[in-house]
Every structure is written in C-alpha cells, then in structure tokens.
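Reviewing the structure listed below.
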4 protein chains.
Amino acid sequence: MTVKRVGFIGLGIMGAPMAANLLTAGFEVTVWNRSPSRTAPLVAAGAAQAGSPAEVAAAAEVTISCVTNSGDVEEVALGPGGVIEGAHPNSVYIDCSTIAPDVARKVAEALAQRNISMLDAPVSGGDIGAKAGTLAIMVGGDPKTLERCLPVLEAMGKVIVRVGPNGAGQVVKLCNQIAGGLNLLAAAEAINLCRKSGVDPARMLEVVSAGAAGSWMLSNLAPRAINGDYAPGFMVDLMQKDLRLVLDAAHETHTPLPGTALVSQLFQAIQAEGRGTDGTQALVDAIAKLGR
Amino acid sequence: MTVKRVGFIGLGIMGAPMAANLLTAGFEVTVWNRSPSRTAPLVAAGAAQAGSPAEVAAAAEVTISCVTNSGDVEEVALGPGGVIEGAHPNSVYIDCSTIAPDVARKVAEALAQRNISMLDAPVSGGDIGAKAGTLAIMVGGDPKTLERCLPVLEAMGKVIVRVGPNGAGQVVKLCNQIAGGLNLLAAAEAINLCRKSGVDPARMLEVVSAGAAGSWMLSNLAPRAINGDYAPGFMVDLMQKDLRLVLDAAHETHTPLPGTALVSQLFQAIQAEGRGTDGTQALVDAIAKLGR
Amino acid sequence: MTVKRVGFIGLGIMGAPMAANLLTAGFEVTVWNRSPSRTAPLVAAGAAQAGSPAEVAAAAEVTISCVTNSGDVEEVALGPGGVIEGAHPNSVYIDCSTIAPDVARKVAEALAQRNISMLDAPVSGGDIGAKAGTLAIMVGGDPKTLERCLPVLEAMGKVIVRVGPNGAGQVVKLCNQIAGGLNLLAAAEAINLCRKSGVDPARMLEVVSAGAAGSWMLSNLAPRAINGDYAPGFMVDLMQKDLRLVLDAAHETHTPLPGTALVSQLFQAIQAEGRGTDGTQALVDAIAKLGR
Amino acid sequence: MTVKRVGFIGLGIMGAPMAANLLTAGFEVTVWNRSPSRTAPLVAAGAAQAGSPAEVAAAAEVTISCVTNSGDVEEVALGPGGVIEGAHPNSVYIDCSTIAPDVARKVAEALAQRNISMLDAPVSGGDIGAKAGTLAIMVGGDPKTLERCLPVLEAMGKVIVRVGPNGAGQVVKLCNQIAGGLNLLAAAEAINLCRKSGVDPARMLEVVSAGAAGSWMLSNLAPRAINGDYAPGFMVDLMQKDLRLVLDAAHETHTPLPGTALVSQLFQAIQAEGRGTDGTQALVDAIAKLGR
C-alpha cells in the first residue's frame, strides 16, 4: 500500500528543506514545529498545519521527526500530545534526529506496543544535502518497514542503507561523527606542521588529498580553514553535542575511544574562544593555538 | 637539454619497479644496490651496473636514490664513494626516500657547493603505485631543476607537485603520514564502536564512506581490517619509522601534535604483539585490544 | 547556638560510619536510608529512625546527605518527602555526596528560598577515612554557616577547608579526582616501562616515591597493583562516575582536559573486562593490555 | 679496599656541587670539564685539574661523569682521550647523567672488556639536592661494585637504591620522569578547572594535597605556577630531552605510553612560546592556553 500522507515534526535548518522535498515529490504533508512561525513557508507551499505531534500523526501514514536531542525525541514521540497519542496502528514513525541509540530503542519499543513501527534514520550531508535531497540516510529498523517507507526517504536522500535493527542507525551516525572528527584532526595537525615548517599548506592539501591519506574533510573543509573561512558547514556546538553522544555510547558499551575523546577536548578549545557557531574546520585553530 | 642518462641507487620494494619504469620510458639507466643480488633483474632488463653511488652519479645526468632512512641518504649522497664524489657539475640528485626535512636540506646544501642540484621527492602510493608508475611525488627544490627533471619523474609518477624549496617535499610527506595515521584511527574507533554495539561494521563503512566522513583509508584499508586481511599495503614498522620522523620534526618546530602522538603509541600496541610486518590497517586491533 | 540534633540521609559504605561517628561525638542523630535494613546498626547504637528525608530534617538542626549521584541529591533534597518539606527555617543542609557543581548550586538556591542554608561538602579519604573520622572535607557555602557546622564536620573529618561559595566544594572534589586519576596513570606508565624493560617495578617505586615524582598513589596504590591486589579502595565504576562529572563540568566551562579524558577512556578498558568493582589501581592493567 | 681518589667529569649545574661534596667528604678529587673555566672554583677548593677524561681516570679509583646526553657519555667514556684510555683495571666508572638505557649498557660492556666496572647512577633532586648532598640515586650495575662505591655515592646523595643490572638505573630514572610529567599534568588540569569554574586554585591545592590525590608536584611546583613563579627548578627543555629518552625507550620495548606522549606534546606548547628555560610548572599554562 503506497504511502501518500506524510507528517513532519521539526522544521529547523534540516527539517524545513526535507519537508519541502516531500511536498515537491507529491506527498500530502502535515507539519508541526515548536515555534509555529517556522511553519508558514511550508504551509504557503501546500502543507497542512497541525496543532501537536499527535495531530500530525493522526493525519499521516508516516510521521517524520527531525529535532535536536534525545529529550526532544522522547517528548514529541511519547510525551503528552506526542506521536504515540495520535498515530494509527500500522503507521510508521521515522526519527531523523541524531540521538542516543538507547533512546531510539526505547522509543521503538514503546511505539511497538501500540503497533506503530519505528525507523531510526539519522542523516548526513548538512543543509546543502537536505536542500538538494542528496542526504545519506542510515536506517535502523525492520526491513519491511524500510521497504514501505523507501519512496518517502528517497524524496529526501540519495544513499539509503539499512544498517541493522532499531538503534543501529544511530550507532552508525555516531560512527560517522567519530570518523569526521578524527579526519578533521588529521587535517588540523598536517596543516599546522606545514605552517610551522614554513611550507604552504595549500600545496600540501593538493598533493595529500590525491593519495592514500585523502579524505572528504581534507578536500572540502581543510581548504576553507587555511583561507580563514570558518562559516559552517556544521557548527562546532552541534558537533560537540554529537561527540558527547558518541562518548556516552562508548561509555555504555565499554569501548575506549581515546582519539575521539581528544577531538572532543580540542573542540572545547574553540568553544572557549566563543566560536561554537563556527564551522567544524575551526579545529585547525585548536592545534594552532597550542603551537603558538 | 633533455635528460637521457639516469642513475638509480636503492633497488628495494619501491626502487626496483621505479627503476624498471625508467628503463621502459627509454632512459639509459645505471643502478647500484647495497646487496648486489638485487641488481640482476634490472641488468637483465638493460640497466648498467655500477660499483658505488659515485660511479652511478658519474654515469648519469640525474641520479635518484630510494633508500630507508636519513642515515642511508647521508651515506649514499655524501659518504665515501657517495654521489658527491662522482656527480658532474650541473647534474641533479633526486632523493625519493622519506627522511627528516633537516637532513634533506643539509644534503642539498653540501651538494650545492659542488654545483650539484638536489630535489627531495618522496613518494606516496606504495609498491602498487611504484609498479604502475602512478606515484604521487611531493617535490622540494628549485622550480627550474624540477622542470628539467619532469620527464624523469613522469616516468614514475602521476601527480607531481612542487611544494616549496628543499626540505618542503619531506615536510609534505610527513603531513601525508600524519593524515594517513589519523584517518586510520578514525576507521579503527568507528569499527570498534560498531562491533561493541552489535552493528555490522561493513554496513557502517558502506554508508559512512559515501559522505562527509569518508576517506581513502575508510574505503580501502578498513574493509580489509574487518575481513581479517592484514597483508600490507604499508607495514606497521615502516609507518612507525615515518611517524617518528613526524614527531621529530614536530619537536624541532615546536608543533604540538597530540593526535599523531597517540596514533604512534597505538601502533606500538601492534608491534608489541610481534605484528610489525602487518599492514597499517592493524591499527583497528589496537583499539579492539583496549576494549576487550 | 550549638548544634545538637543532626540528621543523616544515606547509610552506605561512607554514610554509615560517618553517622556512627556523629553518635560517638554525642550528637542526637536521626537517620533514613532508601533500603531501610541498613538503618538497624545505627538505631542499635542510639540513632532515631525517620520515615522520610522530610522527617529527618524536621527532627534536626543540621541534615546531612551522602548518596550516589546528582539525581539522588535532587530527590532527597527537593523531591516529594524531601528535606525541603521538613526542614526548619535557619536549619542547614549539608550534602557530602560527589555531584555536579551546577546541581549543588541549584539545590542551594531552592533551599535558600525557604531560608534553609546549604553547604556542599564532598569528602575524600575512602571508607577507611570515614571510619577513622579523618576525612578531608572540601566545603562550598557561606563562611558563617560553615562556622556553625564545624563541630559536626569535625566529628567526621580532619582537614576541613572552605574553598568558596556553593558549588566550589564540588569543583574542588572534581579537581581531586582529576589529580587522582592522572597520578594513577603516572604509576601505570612507569610500572609498565619497568616491566617491559626487565626491571623490578618494586625497586622503581621505592626510589621514585622518595623524590620529586612521588605521590600518594605511587606510595599506596601502585604497590598493590604490582602485587596483584586489586581490592578496593575506591572502585573503578565509582571513579568513572566521578570522571564523567569532571568531563561534564569541563564541557560546561569549556576547559579542555585532554589528560583526564584519556584516563577515563583507559578506565573503560578495565570495565570492558568486567572489572568495574576492582580498585582504581587496575588502571595499571589498562596500559599493560595495550603493551601485551 | 677503601676508595680515596675520585675523578669527576662534567662540572655543570649538577656536577659542580656534587664534586664539591666529594671534596668536603675528604676524597682526593681530580676534575675535567669541556669548557675549562668551570674548573677554577673546584681547583680553588682543592681539586686537581686534568687535561682529558683519560687523565682523570688515570688519577682515580672511581671516575664519575655528569654530562648532558647519550652522545656526551659515549664520547667521554669511549671516545679519543676518554675514560677507557686512562682507567686502571679494577677501577670503576659511574655515570650520573640521564641517558638511554641502551647506551648505558653498551658503555658498560665496552669497559668490561678492559676490566673496568660501570654503574649507571642517574640522580633526582635538582641543583638543590646536588648542593645539599641529598640526591636520590638509582643505581644499575653489579652489587659488589655498588658496595665498594657506596661511600662515594653517600657523599652526594641520601637515598641510594640498586634497582638492577646495568641500564636499570637509567630505566628507573625514565620512570621518574614519566611520573613527574603526568603528576604535573594532574596539577595543570586541576588548576585550570578551578580557574574556569571561578574557584581559587590555592584553596584547592591546600585540600587536595592533603589526601589521596596528593603529590610532590602538587605541593611544591603547583603553588609556584599559580603565583606566576616560573623560575626553574627543572627546565622545560631538559624535561623534553628526558621525555624523548622515555619515548625512545618505550618505542624500543614496544610499551605504549599514551599519557607521557601527551605530556611531551604539551611541553612543546610551552617551548613554542620561547619558554623552554622556564621551570616545568609552566605545563599549567599549556592547558590554560587551550582553554583561553
């Protein structure tokens, strides 16, 4: 049975363009946002407006949320006026936020008792990917549920991979942040050795990017840093929020992550300068600071 | 004046195929190796054999070395029977080894006094790149000298970038090892969080590689590690040798590199298991060890 | 006005002997514990038993708590049936737990509105110090309140230092855990270099303890570790709980603590072995693990 | 047979007062120093002056050296005009420098072939201990040789411990520097969390020093740092020299030392400010820098 009616909760920097892409793809979209002013552009584009997450869910076969943290997800999914109060049996709740894997599992279990399926489906690709509909989406949950929701996800993303049962999507998103953070540290240390050795880091990036030490960060964010462009991209404060989820998950699974722990401490050096809203390429300056 | 006669000192895993590619490209090649047995295949392929680095240099317009460490380069370049004793004025010495930037500068200065130009030209790409003639070559030295030697380097590599004066090639190679090491640590920590969380790391690599946290290491070496394939690639012992050059250079320039220092300590955890000849993807096991 | 009646909430490994020392010192003591069975020995020794934290506070001029974490303190102080519901105006609440400085400040503010003073007074010295009445007590709060409560605190501790306003006691306790953790890492790395170099670590401890690199940990816990005695002392799981408070406080104040972050990751390596109830000297084995 | 004639090579900040104490104790002392001007005060106090290490050794039953690094020891012991050329069979060479354990063993073996015994006997306690004759001396070598030399060592030090065969003295000295460095990092992180939390670090040091997290560094050097007194004590540049010996020894024995590696990188942050001659308490500022 093809999904036609989709709900969307959370119209921030990521959620708003994701909901817009659902409209463009022809879905009937009902939206809700904590501060109602953000719904106007979506409503102007054809979305219906609901008065609560429960009302969103009541109007939809698939309800998506994209909010800030674990507490927000618990509230919009399970709290008073939450999805659980409005959602029809056999409907689906997809959470695209980045939250603790444990919370994703807990929400899925609570919804399952009402016969509502859940997918944890955090995304990667930033606001650019959200607008372009080219997000990478890492999905945890039941394969059949994913199959049913695939047209919905394909309206928002390009690489959609089921990585395991509920919670696994969040685990993989955390792995994504581990790798992103350490790849940035790689760029930061390489750039600083160049500078302190009197070598132009732009030349270094050119040749190192082409080989076995290349990475997306080295090709894309490192050049911004050496040109003094610290516009996000992805903000340091949000990266820190995610790295704390990583370190919490590491703590619960007893997984020592000494490199990621170091990266998180170094991002604090940027936050200490009041630069939490700079892009993550600012990590280059944490190493620079130490060596000045 | 086109270069025709090229000398090659050091016919190891890298040097032998590099010299072979020079023969294939039509250069007249004279070779020397510390243990003479390794010269036979090259001689069979048309190379002349010399009795010392000095004799190699005497027979060539451009003399290349590819040896193990700073001490080796000082010996073949400046020692008794070294390049400096045989090289003609206006000839060029190109060192493709990975050594300390300071030693590269010192050798260049000593040769300059005899009117011999030098390029430090360390390479990246492994034995596969050496055989295929697709190495990345990071060149420190005079632009005109590079221009003159470009046909020689193009017989061995694909991406050839002048990164600055003498020593800069080595600095950039060290940056390459910084980035490679930390990108591997990124893969190691991500894989271990997956495993300890009960998520298949292969699925994680698939989706993370596609996005902003992707890297060559994540796409190429990480899959080997999760499949238990520890064949080099690039051996842990050699990586450690290079990381010690990095940390020495960081020490001399007062450049704090806390991430790279951590990576080097973790590679020691692999060496402690007697696995110094495994490929560098073994770093995944250093993190695994801690969390077991 | 001299304090005579003291309440005590939380009769665990630390709280029980602290309350017993108050009885010995001649105070009239009223006690409460979540699981009531633990009150019996105190009641047998002369304490009165109350039915809730509020009842304890109603019977006392000074009410002390010694519980596990921030949530517990919020509950016994401010929750239903909590201290705030029973405490008399001008009475004092002293919390000896180790919790987040922010929570200590929040509880103090809530109590101040009912004219109840608070001291945050975390302790150091372990169960041995609690029994012997020789704890170090780091006090945050108003100097006059401390002056009034000094006879009470002196019944439990030997070194009692006011370190600042509310919250400061907890900050200093966190500093204590930072220093303890890194001093243990110092011992761990020194012992492992000895062992891997074939030198008897007992000889090393003997001479290093005597000089500028000496510490309480090196003199007291390190010898236990090299003798294979992992009995607590202070358990790894509790240390980790405290180190997470440290890292949370560091996060909120943007204070990069790369060493402490490393220590916390290494304690996870011990927890991964199911040894969370070993004493903290087990950190020696985290370094040993890496080098095996 | 009681030792009467003692030679002393290397009259620096440590060596000069050590040699003076030998004179005071009644030994006949012959001295040599690379820059001869430093011998004058000792000669004025009764020492004989020799023209080379060999001449020193020829005039002595026990010859002591206290020089800067491994290369210096090799030179004065085994080089042209070195101890080996002048020393009598059955005489003893004691090296009090801090050098690589491997070099200590190598020198001992070379001397043993001429029937000269060696002790590696690095010291701890700084110039204050050297003047006061209260050094801690960690001795590697044959027990009977130590027994014979004990009166000589007792003229210079207070705690004299044989820790194993040749090289073991140096291993233990390296352990001393591991522990000292990490204990300093403990102080640095604790002080910075205090400051960023608005708590007076002097109060913190007072109470933390008294308990299980106390250390010599916390009691002695940390107060200097918070008072802005960076006079050595022991200079950052010398500490770095020693930490590199530690990391070299760790490398050779495959002993991962992630904490010490971090400490060494942080000392580089101080050297980067041109403060290599400050006392090691400057490490407090490396953490401060990061958090500013």
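Within the range D:91-113, the residues that satisfy the criterion of being closer than 15 Å to D:A60 by Cβ and either surrounded by fewer than 24 Cβ atoms within 10 Å (Cβ to Cβ) or at pLDDT below 95 (or both) are D:S91, D:L111.
If I filter the range A:160-175 for residues that are in contact with a His (Cβ under 9 Å, 6 or more places away or on another chain) and without any contact (Cβ under 8 Å) to a residue 40 or more places away in the chain, do I get at least one hit? Within the range A:160-175 (the criterion being in contact with a His (Cβ under 9 Å, 6 or more places away or on another chain) and without any contact (Cβ under 8 Å) to a residue 40 or more places away in the chain), the answer is no, since none of the residues qualifies. Against the test of being surrounded by fewer than 22 Cβ atoms within 10 Å (Cβ to Cβ), farther than 15 Å from C:P165 by Cα and in contact with a Ser or Thr (Cβ under 7 Å, 6 or more places away or on another chain), the options C:A59, C:A40 yield a single qualifying residue, C:A59. All of (1) at pLDDT 95 or above; (2) part of a loop (DSSP other than H, G, I, E, B) hold for D:A212 with one exception: (1).
Here is the figure for the range A:114-124: residues that are surrounded by fewer than 24 Cβ atoms within 10 Å (Cβ to Cβ) and of a type outside the set (D, E, K, R) total 3.
How many residues are surrounded by fewer than 20 Cβ atoms within 10 Å (Cβ to Cβ) and either more than 15 Å from D:A19 (Cα to Cα) or among the aliphatic types (A, V, I, L, M) (or both) if we restrict to the range D:43-56? Residues in the range D:43-56 being surrounded by fewer than 20 Cβ atoms within 10 Å (Cβ to Cβ) and either more than 15 Å from D:A19 (Cα to Cα) or among the aliphatic types (A, V, I, L, M) (or both): 7 in total.
To keep it simple, each residue is scored yes or no on (1) within 22 Å of C:T260 (Cα to Cα); (2) among the hydrophobic types (A, V, I, L, M, F, W, C).
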| position | (1), (2) |
| --- | --- |
| A:G181 | yes, no |
| A:R195 | no, no |
| A:A202 | no, yes |
| A:E206 | no, no |
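Can you say whether B:L218 is more than 10 Å from chain A (Cβ to nearest Cβ) and buried (at least 23 other Cβ atoms within 10 Å of the Cβ), as far as the supplied structure shows? Spelling it out, it is not the case that B:L218 is more than 10 Å from chain A (Cβ to nearest Cβ) and buried (at least 23 other Cβ atoms within 10 Å of the Cβ).
Looking only at the range C:274-292, residues that are touching a residue at least 12 places away in the same chain (Cβ under 8 Å) and either within 21 Å of the chain's Cα centre (by Cα) or over 22 Å from B:V263 (Cβ atoms) (or both) come to 11 in all. Looking across the range D:198-211, the residues that are crowded, with 24+ Cβ neighbours inside 10 Å and within 7 Å of another protein chain (Cβ to nearest Cβ) come down to D:V199, D:M204, D:V207, D:V208. Number of residues in the range C:230-271 that are among the polar types (S, T, N, Q) and in contact (Cβ under 8 Å) with a residue 12 or more places away in the chain equals 5. Would you point out the residue of the range B:128-137, among those that are more than 10 Å from the chain's Cα centre (by Cα) and within 12 Å of another protein chain (Cβ to nearest Cβ), that is surrounded by the fewest Cβ atoms within 10 Å (Cβ to Cβ)? Residue satisfying both the conditions and the ranking: B:I128. All of B:S65, B:S70 fail the test of being polar (S, T, N, Q), buried (at least 16 other Cβ atoms within 10 Å of the Cβ), within 23 Å of B:G133 (Cα to Cα) and touching a residue at least 24 places away in the same chain (Cβ under 8 Å), apart from B:S65. Before we move on, is B:G169 modelled with pLDDT under 95 and either within 16 Å of the chain's Cα centre (by Cα) or farther than 24 Å from B:L245 by Cβ (or both)? For B:G169, the condition - modelled with pLDDT under 95 and either within 16 Å of the chain's Cα centre (by Cα) or farther than 24 Å from B:L245 by Cβ (or both) - is not met. If you check B:I178 against the conditions, is it out of contact with any Pro (no Cβ under 9 Å at 6 or more places or on another chain) and either at pLDDT 95 or above or of a type in the set (D, E, K, R) (or both)? Spelling it out, B:I178 is indeed out of contact with any Pro (no Cβ under 9 Å at 6 or more places or on another chain) and either at pLDDT 95 or above or of a type in the set (D, E, K, R) (or both).
Just to be sure, is D:Q177 surrounded by fewer than 24 Cβ atoms within 10 Å (Cβ to Cβ) and more than 7 Å from chain C (Cβ to nearest Cβ)?
no
Mind checking whether some residue in the range D:1-14 is modelled with pLDDT of 95 or more, in contact with a strand residue (DSSP E or B) (Cβ under 7 Å, 6 or more places away or on another chain), under 17 Å from D:A130 (Cα atoms) and aromatic (F, W, Y)? Yes.
The set of residues in the range C:104-144 that are farther than 23 Å from C:A19 by Cα and in contact (Cβ under 8 Å) with a residue 60 or more places away in the chain contains only C:R105. Residue-level check: of (1) surrounded by fewer than 24 Cβ atoms within 10 Å (Cβ to Cβ); (2) free of Cβ contacts under 8 Å to residues at least 12 places away in the same chain; (3) within 8 Å of chain C (Cβ to nearest Cβ), D:E147 misses just (3).
The values are calculated or read from the model by the stated rules, or taken from the named source; none is laboratory data. Keep in mind that this is a model prediction, so the values were computed, not measured. Glycine also receives a Cβ, built like all others from the backbone with ideal geometry; neighbour counts cover every protein chain displayed.
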